[in-house]
Amino acid sequence: MARMKFLCDAERCIECNGCVTACKNEHEVPWGVNRRRVVTINDGVPGERSMSVACMHCSDAPCIAVCPTNVIYHTAEGVVLHDKDGCIGCGYCFYACPFGAPQFPNGPAAFGARGKMDKCTFCAGGPEENHSEAEFEKYGRNRLAQGKLPLCAEMCSTKALLAGDAAELSDIFRERALRRGKGFEAWGWMTAYGKDKEEAK
Amino acid sequence: MLIKKNAAPGNAFRQLASPVARHLGETMDRRAFLRRSGLGAGAGVLATQLPYNLIGSADAASPAAAPATGGGEGEEVVRRTVCTHCSVGCAIDAVVRNGVWVRQEPVFDSPLNLGAHCAKGASVREHGHGEHRLKYPMKLVDGKYQKISWEQAINEVGDRLLKIREESGPDAVYWIGSSKHSNEQAYLMRKFVSFFGTNNMDHQARICHSTTVAGVANTWGYGAMTNSYNDMQNARAMLFIGSNAAEAHPVSLLHILHAKETGAKMIVVDPRFTRTAAKADYYARIRSGTDIPFIWGMLYHIFENGWEDREYIRQRVYGLDKVREEVMKWTPDKVQEVTGIAEEQVYTIAETLAKNKPSTVVWCMGQTQHTVGNGNVRAMCILQLVLGNVGVSGGGTNIFRGHDNVQGATDVGPNPDSLPGYYGLAAGSWQHWCRVWGVDYEWVKGRYASEELMTKSGITVSRWIDGVLENPADIDQPGGNLRAVVYWGHAPNSQTRGAEMVEAMKKLDTLVVIDPYPSATASMAAMVRKDGVYLLPAATQFETSGTATASNRSLQWREKVIEPLFESKPDQTIMYAFAKKFGFADELVKNIKLVKDKQGWDEPEPEDILREINRGTWTIGYTGQSPERLKLHMQNMHTFDVKTLRANGGPCDGDYFGLPWPCYGNPELKHPGTPNLYDTSKHVMEGGGNFRANFGVEKDGVSLLAEDGSASKGAELQMGYPEFDDVLLKKLGWWDELSDAEKAAAEGRNWKTDLSGGIMRVAMQNHGMHPFGNAKARALVWNFPDPVPLHREPIYSPRPDLVDKYPTHEDKMKFWRLPTLYKTLQDKVRDISKEYPLIMTSGRLVEYEGGGEETRSNPWLAELQQEMFAEVNPKDANDAGFRNGDYIWVESPTKAKLKVRAQVTQRVAPGTVFLPFHFSGWWQGRDMLEYYPEGAAPIVRGEAVNTATTYGYDSVTMMQETKTTLCRVAKA
Amino acid sequence: MKPRFPLRLPAAVAALLLLAGCSEEPQVVQYEQGKYQGKADSRPWEGGTFNGDKAAWERALHERVRSQNEYQRVE
């Protein structure tokens, strides 16, 4: 069984925001709701790196654990979805989420009144009939059910953002990493493996 | 709330929307439709969208087979188009249902973008919403825009322009065309304005890459990117100077980062630590406007260490000795003093380029928009010639153009100094085009005020304001000042000296703006005028069809996605309507079929216009790209190799994608296009070539032709040779290889004017020879003010000491019809850096494009950049006493003041202030909202940097100086 | 009365607590209708597009993943 994941390659992400507008375009996401955004660190200095972030569809998702109405769930493909009809807009999932993925639109908007939670669906719609009008209005398009992957990744300008079965993404990323042939100068290496290696350099 | 699916329409908004929609008409209807467009994964969508490699085989998916007006009820059709923002040429599959553009899908098959998009490309579907567009013709009455009918608009505008033409001559009207036009529209515009009787026309290329086009063409023949984005994957080192590709051409980074991943070294030299620099292996910070000393500094090390390619230089380069003399004056200490780059950095970069060949260079506005722009670009060409990198896959000068069709509009569009195809304005050029157009040369001559004005270059878009404001006695045209300006797809805030521009707008008799988003011009004009301004709604490129030439010279055919929204009309239709009003409609479309649109207007058919371009544009090989061949390419994208761009099998077998020009001969010759210019390793019929013999065969007793052994593969004469004409063909004994009909057409003509294409065919197909000859590239361009590029300080320089050492040019009295200041102004402002100590420079943001009215009207983009800002170094911010996020005033020596947010960052060095150039809609601290036509103001408005930019122009092309001027900053 | 082994009780409590970790119910459950309070959802391959043909759906997705890897088309 496929296990759906996003993977963002920081060596390639150029902060072009293509993923952000692709998402807006595909789901007609209203102004102020950002299912996906690009985060940059060390802006403007050497070491600048960007990363596109949305719901990470965690395997052990904290939002599911904390939801008081128990409407967030994991599909068999590993996508974290929720039922807006049962959402009470409490924001608990937002506190729990390490990535700030849950969004709370104010007032009557395309994705529900009363500030129901809205977030990235991995372009997999929600608990309504596939491709139904209700599904689109509440959750956006269901690309997964059309045999397609999230548009943000499919349209990524440098193919930094990848989406799909985790094992297949690993293969793509491994091939790149091998070609780069980088060791400790790869971004994130020192954080992961410590300072002593830098000194050994 | 929602329990059952059929309870869904309980949404209050929609219950309201439906009845309202019936009354409000189309706009509301479309919005409501878009909201519901989630359904409909009908069989049609799947057939076309799912197995992407099958597109073209399924009926509904076949773009050619699809009707032009949407499918039946609920049926979805896919139309293949191309992004209209930058020059990468990213393909888009537009999904249309009931005539509404409901979705946008990636085209993984495209060899150019492989489905990838940046923020702009991923949001082009918003054009189908278009809520901030101009919806109908409008007219300024008592300082307010009022709706008028198309009929009234054409009549009133036409009468006003005809009256001015009558009173002051045709040269009193200035036409600003567009790099956003398709090739067909741009070409028709050149023809249209010619028939109006003036060369006073121009478009964005003037202020974008005019110095590149002139400098590069004068070096080796053609003024274009030599290789392609894709070919950069073959490079082993890449130097970006004055290019922020990560923001300006984001999808190019797909190829660039791929190359980097496979071992290429990436170097960025820029005054800013750009997002491109963040991806580079090596970055050096240069003082803005000192490119030539830096390049000479690199060449100094190359010559010192013997890294030059001596054999290549001997065979293929003319005049390098003189360059070498100048280069050796630039010792490392001098280079450091002027550029701020240390010797070891310059050495490292030079060594990297010299030892990792093929190496390529990339430049953009950072090199071109200077008073020494033509010198900057020629210095880059020389660097590549010295390293033997030109005409080599993985090498070349990869000049990234700006707009989606700026290359095409430069090639065949409204240029003040040339007819389509760089034919120039000589009588012979006019006669050539009159034959193609099927009109009488004498008639065209009669349309002009005089034969002299017919053959004299017009005023440039960078200077139209001086055409209005200058003393009429000093303007080099008999009619004197410009009285009317037509902005046809061009932003006003992209030209410098905005403060003077409003004065010019005030003085005009008539201002006409034809644009989907005319609002920047409209608001500036309404700020200073009460009447005499007309706004006409043009359709976007998604509402018509035609071709666009990407930066790599590939042409792509865009299908019409939707019918024009609101009352807008495609540009070619508007041109034809005005031609009728002006009385030359029949001449304009002599060879071009007219088709009726839904409202009964006549539209010149884009296919036919392209065929006319094919029949006439021999110089640069726009002759082989027939609409049929291009459409076939669009449907068979998957058959093209991504690295070479060549089709391997399939219906386009052997062709390069989009038939990158030159694609010589008529379409029947089946020339495959030229992926990399001047590449001698390929046969000319396989896209090979060599440098062009365009500057005579000898200069001062020295031959300009290439040395033996340097001709392209398979050429019968492996030596230098001149360009082909009837005489040469006879001398070589090849004349009889022409058919009788070809002989008749070719007699007394050369390869550029032989409409039969016979000379070209015989030279290329039969003998493997290049029609434009085989010469050396010129390191020494003797016809330019600086034959060897010289460093000259910007007019507004922060270094008075260096102004004395490296002064600018002498003033020019008659230059593109206008007096132009250099030295007198530089002397006058020599010490102005005491008052204005910071360098002011400008550039792009990824979310916006050009003047930005279009992209700032797109909510998906506008949300990402909501305010105009200035990047200021922490040191300068602390000195001036403001913090990150404060409003500040940026004031330039023109005294114009910009109120912007401070972004305090080390991205810029102390002493440099960077401002993005996409904003407009604020005027020196004031929101101009009240001056906009109702409902057509963009979502995000801000100060235009060019309100404050200063005087300064390139000495060859009149390119404006935007990248180096001065300013001071203070807390607002 | 003093306990003979003063640490026995805390040790037992600690052991119990530790073992309790092993028996803890997973808080994140695979979706199964009825185990959570929301509405039922259909699988991606159910309904219009694939009509329940899961293998076809997986093949389609595999193709789309490959499209994201430009090394498939560029060497």
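The values are calculated or read from the model by the stated rules, or taken from the named source; none is laboratory data. Quantities reported herein were computed from a predicted structural model and do not represent experimental measurements. Note: ideal-geometry Cβ built from the backbone for every residue, glycine included; neighbour counts use all protein chains shown. Surface accessibility is based on the protein's heavy atoms, side chains included, excluding ligands, DNA and RNA. Shrake-Rupley method; radii C 1.70, N 1.55, O 1.52, S 1.80 Å.
Read through the list (1) at pLDDT 95 or above; (2) surrounded by fewer than 24 Cβ atoms within 10 Å (Cβ to Cβ), then give the number of the only condition that residue B:110 fails.
Just one mismatch for residue B:110, condition (2).
What helices (runs of 4 or more DSSP H) completely inside the range B:376-466 contain at least 3 residues that are out of contact with any Pro (no Cβ under 7 Å at 6 or more places or on another chain) and surrounded by fewer than 24 Cβ atoms within 10 Å (Cβ to Cβ)? I'd like the intermediate steps shown before the answer.
Details: elements: B:406-412, B:427-437, B:441-447, B:451-454.
The helices (runs of 4 or more DSSP H) meeting that bar are B:427-437, B:441-447, B:451-454.
Could we say that residue A:87 is at the interface with another protein chain (Cβ under 10 Å from one of its Cβ atoms) and either modelled with pLDDT under 90 or open to solvent by 10 Å² or more (accessible area, probe 1.4 Å) (or both) here?
Against the criterion (at the interface with another protein chain (Cβ under 10 Å from one of its Cβ atoms) and either modelled with pLDDT under 90 or open to solvent by 10 Å² or more (accessible area, probe 1.4 Å) (or both)), residue A:87 qualifies.
Please go through the range B:276-302 and pick out each residue that is in contact (Cβ under 8 Å) with a residue 60 or more places away in the chain and not β-branched (Val, Ile, Thr). Walk me through it before giving the result.
First, the residues of the range B:276-302 that are in contact (Cβ under 8 Å) with a residue 60 or more places away in the chain: B:282, B:284-285, B:287-293, B:295-296, B:298-299, B:302.
Listed by number, the residues that qualify are B:282, B:284, B:285, B:287, B:288, B:289, B:291, B:293, B:296, B:298, B:299.
So in the range A:17-34, with the set limited to residues that are closer than 17 Å to residue A:100 by Cβ and open to solvent by 10 Å² or more (accessible area, probe 1.4 Å), which one is nearest to the other protein chains (Cβ to nearest Cβ)?
Ranking the candidates gives A:17 first.
Looking at the range A:1-13 only, could you name the residues that are within 8 Å of chain B (Cβ to nearest Cβ) and either out of contact with any helix residue (DSSP H, G or I) (no Cβ under 8 Å at 6 or more places or on another chain) or open to solvent by less than 10 Å² (accessible area, probe 1.4 Å) (or both)? Break it down into steps so the answer makes sense when it comes.
Here is the first cut: in the range A:1-13, the ones within 8 Å of chain B (Cβ to nearest Cβ) are A:11-12.
Answer for the range A:1-13, where residues must be within 8 Å of chain B (Cβ to nearest Cβ) and either out of contact with any helix residue (DSSP H, G or I) (no Cβ under 8 Å at 6 or more places or on another chain) or open to solvent by less than 10 Å² (accessible area, probe 1.4 Å) (or both): just A:12.
Name the one entry in B:627, B:604 that is buried (at least 19 other Cβ atoms within 10 Å of the Cβ), within 17 Å of residue B:661 (Cβ to Cβ) and touching a helix residue (DSSP H, G or I) at 6+ places or on another chain (Cβ under 6 Å).
B:627
Out of the residues in the range B:490-505 that are in a loop (DSSP other than H, G, I, E, B) and closer than 13 Å to residue B:849 by Cα, which is least open to solvent (accessible area, probe 1.4 Å)?
Among them, the one singled out is B:490.
Give the range B:408-435 a look and list any residue that's small (Gly, Ala, Ser), touching a residue at least 12 places away in the same chain (Cβ under 8 Å) and over 25 Å from residue B:556 (Cβ atoms), or say none.
Result: B:426, B:427, B:428.
Mind listing whichever residues of the range B:506-530 are part of a helix (DSSP H, G or I) and touching a residue at least 40 places away in the same chain (Cβ under 8 Å)?
B:519, B:520, B:522, B:523, B:524, B:525, B:526, B:527 - these are the residues of the range B:506-530 that are part of a helix (DSSP H, G or I) and touching a residue at least 40 places away in the same chain (Cβ under 8 Å).
Has the range B:706-714 got any residue that is surrounded by fewer than 23 Cβ atoms within 10 Å (Cβ to Cβ), charged (D, E, K, R) and in contact with a strand residue (DSSP E or B) (Cβ under 8 Å, 6 or more places away or on another chain)? Can you show your working first?
Start the filter on the range B:706-714 by keeping residues that are surrounded by fewer than 23 Cβ atoms within 10 Å (Cβ to Cβ), which leaves B:707-709, B:713-714.
Going one step further and asking which of them are charged (D, E, K, R), we end up with B:707-708, B:713.
In the following step, the residues that additionally are in contact with a strand residue (DSSP E or B) (Cβ under 8 Å, 6 or more places away or on another chain) were identified as none.
No; the residues of the range B:706-714 include none that is surrounded by fewer than 23 Cβ atoms within 10 Å (Cβ to Cβ), charged (D, E, K, R) and in contact with a strand residue (DSSP E or B) (Cβ under 8 Å, 6 or more places away or on another chain).
Looking at residue B:673, is it surrounded by fewer than 24 Cβ atoms within 10 Å (Cβ to Cβ), on the phi > 0 side of the Ramachandran plot and either touching a Pro at 6+ places or on another chain (Cβ under 6 Å) or free of Cβ contacts under 8 Å to residues at least 60 places away in the same chain (or both)?
Taking the combined requirement at face value, the residue does not satisfy it.
Can you name the helices (runs of 4 or more DSSP H) wholly within the range B:231-336 that have at least 1 residues being within 12 Å of another protein chain (Cβ to nearest Cβ) and open to solvent by less than 10 Å² (accessible area, probe 1.4 Å)?
Fully inside the range B:231-336 and qualifying: B:245-248, B:252-261.
Any residue in the range B:599-620 that is in a strand (DSSP E or B) sitting within a Cβ distance under 6 Å of a residue that is hydrophobic (A, V, I, L, M, F, W, C) and open to solvent by less than 30 Å² (accessible area, probe 1.4 Å)? List the pairs, counting only those 6 or more apart or interchain.
B:604/B:589; B:604/B:592
Condition first: surrounded by 15 or more Cβ atoms within 10 Å (Cβ to Cβ) and at the interface with chain B (Cβ under 9 Å from one of its Cβ atoms). Now tell me which residues in the range A:39-71 satisfy that.
Within the range A:39-71, A:43, A:44, A:48, A:49, A:50 qualify.
One line per residue, one yes/no per condition, for (1) touching a Ser or Thr at 6+ places or on another chain (Cβ under 6 Å); (2) part of a loop (DSSP other than H, G, I, E, B); (3) within 11 Å of chain B (Cβ to nearest Cβ):
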{"position": "A:120", "(1), (2), (3)": "no, yes, no"}
{"position": "A:128", "(1), (2), (3)": "no, yes, yes"}
{"position": "A:135", "(1), (2), (3)": "no, no, yes"}
{"position": "A:153", "(1), (2), (3)": "no, no, yes"}
{"position": "A:158", "(1), (2), (3)": "no, yes, yes"}
{"position": "A:164", "(1), (2), (3)": "no, no, no"}
{"position": "A:170", "(1), (2), (3)": "no, no, no"}
{"position": "A:178", "(1), (2), (3)": "no, no, yes"}
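For the range B:38-47, check the following and say yes or no: at least one residue is part of a loop (DSSP other than H, G, I, E, B), modelled with pLDDT under 95, within 9 Å of chain A (Cβ to nearest Cβ) and closer than 25 Å to residue B:598 by Cβ.
yes
Residues that are part of a loop (DSSP other than H, G, I, E, B), polar (S, T, N, Q) and under 19 Å from residue B:732 (Cα atoms): does the range B:701-716 have at least one?
Among the residues of the range B:701-716, at least one is part of a loop (DSSP other than H, G, I, E, B), polar (S, T, N, Q) and under 19 Å from residue B:732 (Cα atoms), which makes the answer yes.
State which residue is modelled with the lowest pLDDT when the search covers only the range B:119-165 and only residues that are within 22 Å of residue B:601 (Cα to Cα) and either within 14 Å of chain A (Cβ to nearest Cβ) or assigned to a loop (DSSP other than H, G, I, E, B) (or both).
Filtering the range B:119-165 for residues that are within 22 Å of residue B:601 (Cα to Cα) and either within 14 Å of chain A (Cβ to nearest Cβ) or assigned to a loop (DSSP other than H, G, I, E, B) (or both), the one modelled with the lowest pLDDT comes out as B:128.
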